[in-house]
Structure formats: C-alpha cells, structure tokens
Amino acid sequence: MSGWPLFDLRLWTGAVELRPVTDEDLTTLEGLLPADFEQDPRYDPWPTLTADANRRRILRQSVWDGRGSWRPDAWQLSFTVRVSDIIVGLQVLEAPNWGIDRTVDSASWLAPPARGQGYGTDMRRAILELALGRLGAAAAVSSAWDDNVPSLRVSSRLGYEVQDARPHATADREGTLVHVRLDAARWAALAQGWDVRIIGLDACQEWFA
C-alpha cells in the first residue's frame, strides 16, 4: 500500500500468516474479541459506554495509536493472525524504548475456536524471528498472570526464562504477574525461527532504525 509500507509486511510459519491490521480487519476482530482478553490498561473505560463497547473502542484506539504515534525509536505494530486466510486473532509487537534498549514486548489473543491447535506458539515464533532474527532486537520480554497457563507454556516452549513473579493489581484483578525474558543469543542458539518466512521488510526497514 502506497505511503505506509508496513501494510505490505507478511510473516508466515506453520499454518499461520501475520499481516498488519487494516481498518477493514478491525470489524472482524471486534466480532472475535474474546471476553477473557485483558485490555490494555493504558486506556481507561468510558462511563458512557457499555463494557463491550469499551472493549471494541480500546481495540480500535490501540491499533490507531500504534500507527499515529509511530517513531523509529518507539513503535507498536498490530498483526491479524490468519489461518487459511481467515482471521482468528491478534498479535501485537511493541518496542516503546527501542532506541534505548532494543527490547520488544508482545501481547496476543485467539478466538476460542482457534485455541489449542498450536497457533499461539506459531504466531509468537513469527514475531520473535522478526524482532530477534531480522530487526536486531537484543531481547524479548513478556508477562502473564500466574494462572494463565497457556501463555506461560508458549513462553517456556519458545525459550523464555522466568525473571521474577511479583504481586500486581489492575482495575479488574489482583494476583501474581510472571515476567519472562528471551535474549537474542538464546533465540539464535535454539533456532526456533528456522521456518519463519518474512516478506516486505526491506521496504520498511528504515521505520525500525
């Protein structure tokens, strides 16, 4: 797409394809948004909207904010997750301090019918290869509540190591948040990204200075 080369970025691994979210995708994603996905705490709910309306608003606003606030030294990129060209979820890769620490974070969700089939591992593998294998990231971090077994299992499978587990509270819950980290050297040694295919990166490489 002219003027925004990030839209032409494509990642494939296994049965999964990742494409940057377009406005047309957002309507589909709204319909798939699972009730158990914890929304970005940086966005406060509006009292005039229902809980579902707030969730849809926050989804759209976070994607738009990622585009509108993009800088080569601080960025957020949201991908649709597709299987057989059907949208089944969302994968976010962000680097709010990219110019300082070259570290990426991630968040994701899958619609319930798409869970338990290995897609969660593949979509994270794809963005890790993009960041650690192609963009020169030094490390990837992630976090999950200690009872979010699927997310922690994906992290362990891909080579993340637990850094700490400490009490945490949001507007919706309290509990223990587990923080994990994966360094670029460990990612390369594990060779987890061997089958990830990426196209369209050359055209937008300078967007990740």
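For the range 14-28, which positions are more than 12 Å from Ser78 (Cβ to Cβ), in contact with a helix residue (DSSP H, G or I) (Cβ under 6 Å, 6 or more places away or on another chain) and of a type in the set (A, V, I, L, M, F, W, C)?
The one that is more than 12 Å from Ser78 (Cβ to Cβ), in contact with a helix residue (DSSP H, G or I) (Cβ under 6 Å, 6 or more places away or on another chain) and of a type in the set (A, V, I, L, M, F, W, C): Val16.
Given Ser62, Ser78, which one is hydroxyl-bearing (Ser, Thr, Tyr), out of contact with any strand residue (DSSP E or B) (no Cβ under 6 Å at 6 or more places or on another chain) and not in a loop (DSSP other than H, G, I, E, B)?
Ser62
Against the definition (farther than 20 Å from Val63 by Cβ, among the aliphatic types (A, V, I, L, M) and over 12 Å from the mean Cα position of the chain (by Cα)), how does Ala139 come out, yes or no?
Yes: the conditions hold for Ala139.
Just the residues that are buried (at least 17 other Cβ atoms within 10 Å of the Cβ), over 19 Å from Val81 (Cα atoms), touching a helix residue (DSSP H, G or I) at 6+ places or on another chain (Cβ under 6 Å) and free of Cβ contacts under 8 Å to residues at least 60 places away in the same chain, please, taken from the range 115-139.
Correct list: Ala137 only.
Working only within the range 68-88, note down all residues that are of a type outside the set (Ser, Thr, Tyr) and touching a residue at least 60 places away in the same chain (Cβ under 8 Å).
Trp70, Pro72, Asp73, Trp75, Leu77, Phe79, Val81, Arg82, Val83, Asp85, Ile87 - these are the residues of the range 68-88 that are of a type outside the set (Ser, Thr, Tyr) and touching a residue at least 60 places away in the same chain (Cβ under 8 Å).
Please work out which one of (1) surrounded by 13 or more Cβ atoms within 10 Å (Cβ to Cβ); (2) modelled with pLDDT of 95 or more; (3) of a type in the set (A, V, I, L, M, F, W, C); (4) in contact with a Leu (Cβ under 9 Å, 6 or more places away or on another chain) is the condition Trp145 fails and give its number.
(2)
Restricting to the range 153-174, count the residues that are modelled with pLDDT of 90 or more and either farther than 13 Å from Ser106 by Cα or among the aromatic types (Phe, Trp, Tyr) (or both).
11
The values are calculated or read from the model by the stated rules, or taken from the named source; none is laboratory data. Bear in mind the structure is a predicted one, so any value in this text is a computation, not a measurement. Cβ coordinates were reconstructed from backbone atoms using ideal geometry, including for glycine residues, and neighbour counts include every protein chain displayed.
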